[in-house]
Amino acid sequence: MKKVLVFLILFGIFSFQIVLSQGVPMIAQYFEIKDPEIKKGDIVSLRNKEIYRSNVPYDENIVGVIGENPILVFGKETTTTLPVVSYGKTLVRVTNQNGEIKKGDFITSSNRPGVGQKATESGFVVGKALEDFNEDEGIIPVFVNIQYLNLAPKRPTFGGIIQQILSALRVPENVPEVLRYTFAIFLAGMSFLFGFIFFVRTLREGIVGISRNPLAKKSIQTAMILNLIGISILTLAGVGLALFVILY
């Protein structure tokens, strides 16, 4: 009996040393997988007690990444289960559609099933990138630690906006929506621009007219007010049309 206890203690110490030698252990759980297209490195979520490839950015239902050979696995392994890593270092499929990924960047889900992207706003993330990546799609090591990331909002820059538009245009499914929003922004901007130009011109002409003919001051002021009302209506109509393009 003593020999058995000694053997168990030595075996436990030996196993513990192996785990420590591997660094931080991967913690995973076996889940039943019905999606035949799920593969190693996919980010997955849980909905209605079923595992599916995450296809929504910053998905709050993320449970982990389909891993390979995790050290600590809970649950029962069957022919229809796969290990889902919820903590530790593992390989993850990623894309640069939301910007180049740098080591240390947080990774979240994207609109590509199972594929992660750089997190640039507050929301749920799957973990931190351990390598740089700047290709359309590939696999990099990520330290998985699912959490809610709270990022302070950054002031948008013209270059940043252009970069986001170009990144979105790389995905064919995004092209119609990006063009729609771009057209709406252009329409609203032009409405404000022309409205401002005509407002300044009407104001200047009214001041000049009153200085030249003080006796016609009231009629000139009335004409200015009517012109300004017309300019305001046209500007608001342009903005309304832009909102219509966005919403419908």
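Derivation of every value follows stated rules applied to the coordinates shown; laboratory data play no part. Every value quoted in this text rests on a predicted model; they were computed, and no experiment measured them.
When both segment 48-71 and segment 119-146 are represented by their alpha-carbon centers, they are found 14 Å apart. Enclosing the Cα atoms of segment 25-149 in their convex hull gives a volume equal to 89 cubic angstrom per residue.
So how much slack lies between Leu241 and Thr78, counting 0.36 nm per residue of separation and subtracting their Cα-Cα distance, in nm? Kindly include the intermediate steps, with their values, before the conclusion.
Numbers: separation 163, 0.36 × 163 = 58.68 nm, distance 5.71 nm.
That works out to 53.0 nm of additional length.
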